[in-house]
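Have a look at this one before I ask anything.
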Amino acid sequence: MSDAQSESQSQVPAAGAGETPPPQTNTQAQTYEAASARVEEIIRRLDSGEASLNETVALVGEGKKLIEFCARELESVSGTLEELRLDELVAQLERGATGADTARPAGANAEGPSPTQPHRPEPRI
């Protein structure tokens, strides 16, 4: 090993007792829960005020990547939930079209009372 190589390696600070572990580079293999827990660890470390400037920069960068990963995961789940709601709505509409709407009382409209105007009974004469 040359003197330049050993000198450059000696300049890389080792993680001390109070420092956080090095950032994880593969966010694709993580779960939302693991990424979220790591973001909480990062926030605690930054809030402690004990992180060096270099560690703070590294933690902020890692935190940003993890937050972006979590946002993508939530967006993905949100889309799946929306699809499930649409499937449920289709099933309800199909059940309604097979005879459930014959059970409506006479004079009731297909949509039911308007959400802005509650149903009011007809006045008796």
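The values are calculated or read from the model by the stated rules, or taken from the named source; none is laboratory data. A quick note: this is a predicted structure, and the numbers were derived from the prediction, not measured. Virtual Cβ from ideal backbone geometry, glycine too; neighbours counted across all protein chains shown.
Applying the selection to segment 31-58, what residues are assigned to a helix (DSSP H, G or I), touching a residue at least 24 places away in the same chain (Cβ under 8 Å) and surrounded by 11 or more Cβ atoms within 10 Å (Cβ to Cβ)?
If the condition is that a residue be assigned to a helix (DSSP H, G or I), touching a residue at least 24 places away in the same chain (Cβ under 8 Å) and surrounded by 11 or more Cβ atoms within 10 Å (Cβ to Cβ), then 32, 35, 36, 38, 39, 42, 45, 55, 58 are the ones that fit.
Filter segment 15-30 down to the residues that are of a type outside the set (S, T, N, Q) and exposed (fewer than 15 other Cβ atoms within 10 Å of the Cβ), then identify the one that is modelled with the highest pLDDT.
Residue satisfying both the conditions and the ranking: 29.
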